[in-house]
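Single-structure report; data block below.
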Amino acid sequence: MGFHLTAQEDIYCERTDFSLLSEPVNLISNISFFIAFYFLYKLYKNSPNQGLQTKTLVYLVLAIGIGSTLYHSFATTWAGLLDMIPIYAFFALFIYIFARQGLDLSIIHTLLLYVFLILLFYLAPIIFSDLNSGFVMYMPLIIFFWCLTFYLLFIEHKNAPGFVLFLLVAVPSFYLRSIDMDVCSSFSLAGHTFGTHVFWHLLNGLLLYLMGRELLIKR
């Protein structure tokens, strides 16, 4: 089988066919990303930490909202790429900005953080092979931020409370994304059944806002 950008993908509980509005609840819940972008943009305009990197981070939230909207509308491989790439780009850029500005790390030490994260992505499918694959794909990020948060708490870093809050939102967010098909049709609205992916959107919108806010406000 080859790789086809126009191939259609049916991986969410709510989708029953490949019509444009087959996932109305998932589609509407993308508003959380646009709300997060709106408030982050307002913060950015008055932030002491304005610059290309933080501005790009803010606009990646908008890209996440657009990509997710496209994917839950068209359900194709190309839309899936537009959904996933901005998410990973956001986390990669957040790590870089915080490492360089929040921890004052050198480029070499920042690259070592990425090496550690890549190693986690390599090991996670092996170590957690018995877990839901949807959860395993984000497990490296969760472990990475666990480690970083514990380190910040240990050194009593000013951003430590913010990172604790990240984890309190991120863990249930990623978990709810992973069990969407397992609890399929557990929820119903006006006779329309859906899974837990909607809650991933709502919590993830909050998570992206909190992460962006941590870099934009002065502590």
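Just a few scattered comments:
- Percentage of interatomic Cα-Cα distances in the chain larger than 21 Å: 58 percent
- Magnitude of the charge dipole for the chain, about its Cα centre and with charges confined to Cβ atoms of Lys, Arg (+1) and Asp, Glu (-1), is about 1020 debye.
- Placing unit charges on the Cβ atoms of the charged side chains and taking the dipole of the range 24-216 about its Cα centre, the candidate lying farthest along the positive direction among Cys147, Leu216, Val183 is Leu216.
- Coil-residue chymotrypsin sites (Phe, Trp or Tyr not before Pro) of the range 1-54, DSSP, other Cβ within 10 Å capped at 15: Phe3, Phe18
- Based on C-alpha pairs under 8 angstrom that are at least 6 apart in sequence, the range 42-182 has a relative contact order of 15 percent.
- For the chain, the longest principal axis of the C-alpha atoms and the axis of helix 160-178 are separated by about 20°.
- Cβ-Cβ FRET estimate between Tyr38 and Trp146, R0 fixed at 30 Å, reported to 0.05: 0.50
- Largest mean-square fluctuation among Val115, Val61, Val169, in a Gaussian network model of the chain whose springs join Cα atoms under 10 Å apart, belongs to Val115.
- Once the Cα-Cα distance is subtracted from the 0.36 nm per residue extended length, the Ile217 to Ala7 segment shows a gain of 71.4 nm.
- Note on Val115 and Ala190: with the Förster distance fixed at 45 Å, the Cβ-Cβ geometry gives a FRET efficiency of about 0.35.
- Cysteines (scope the chain) whose Cβ has no counterpart Cys Cβ under 4.7 Å: Cys147
- The range 40-68 and the range 136-210: distance between their alpha carbon centers, rounded to Å: 20 Å
Just so you know, all these numbers are worked out from the coordinates, no wet-lab data involved. As the structure is a computational prediction, the values presented were derived from the model and not from experiment. Here Cβ is always computed from backbone atoms with ideal geometry, including for glycine, and neighbour counts include all displayed protein chains.
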